[in-house]
Amino acid sequence: MNQPFDSKHGYRDDYVARSKVVEINAPAQVVWEILVDLPRYGEWNPFCIAATSTFKMGDPINMTMKYLWSDETAPIVEYICAFDPPKKLSWKMDWSEEWPYAGLRDQYIEATGPHSCRYWTTDAFLGDNAVHIMNFGNSWIEAGFNQTADALKKRAEEFHAKAK
């Protein structure tokens, strides 16, 4: 029997922003270490230029996001919901009266060999208001995710080459 759709946190596959999958010539652990080195995000990440977190389940991750079309930034607070080194890092924003736009951001690292891996990220927009985020923001969110994936690839490959 089908469950009724959760109007606040329900998932629809067609309301998910997705980055491209990048093949990285560096071990998964190297990529993981870059992803969790939040104080250095401003050195390489063009989309999320600053972040702080304890990475404990349920704790906040405070981020500064840069708009792709200007030098303006926006503060974002979400909450850690997965920390599985070196495979998956996730945070979420729950629905609230003040901000009725729930979402779940997952970042994946898949080892493809001892010195290679692939990375991609998704952001599932949840509930009835997901359509608004898809219509307004999906194209620039995916562009930001793709820029981040490319920048992560470049940084990881540079770090790995120096370590050899």
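The values are calculated or read from the model by the stated rules, or taken from the named source; none is laboratory data. If you're wondering where the values come from, they're calculated on a predicted model, not measured in any experiment. FYI the Cβ positions are ideal-geometry reconstructions off the backbone, even for glycines, and counts take in every protein chain you see.
Quick notes on this one:
- Positions within the stretch 105-135 being without any contact (Cβ under 8 Å) to a residue 60 or more places away in the chain and within 23 Å of residue 150 (Cβ to Cβ), in sequence order: 105, 106, 108, 113
- From the list 2, 25, the lone residue that is at pLDDT below 95, over 20 Å from residue 103 (Cα atoms) and not aromatic (Phe, Trp, Tyr) is 2.
- Looking across the stretch 1-51 at every residue that is among the hydrophobic types (A, V, I, L, M, F, W, C) and out of contact with any strand residue (DSSP E or B) (no Cβ under 9 Å at 6 or more places or on another chain), the one that is surrounded by the most Cβ atoms within 10 Å (Cβ to Cβ) is identified as 34.
- Some residue of the stretch 72-83 being over 21 Å from residue 37 (Cα atoms) and surrounded by fewer than 19 Cβ atoms within 10 Å (Cβ to Cβ): yes
- Here the strands (runs of 3 or more DSSP E) wholly within the stretch 88-157 that include at least 2 residues being farther than 15 Å from residue 34 by Cβ and over 12 Å from the mean Cα position of the chain (by Cα) are 102-113, 116-126.
- In the stretch 5-24 there is no residue that is more than 21 Å from residue 120 (Cβ to Cβ), among the hydroxyl-bearing types (Ser, Thr, Tyr), part of a strand (DSSP E or B) and out of contact with any Phe, Trp or Tyr (no Cβ under 6 Å at 6 or more places or on another chain).
- Complete set of residues in the stretch 76-104 that are farther than 16 Å from residue 148 by Cα and polar (S, T, N, Q): 96
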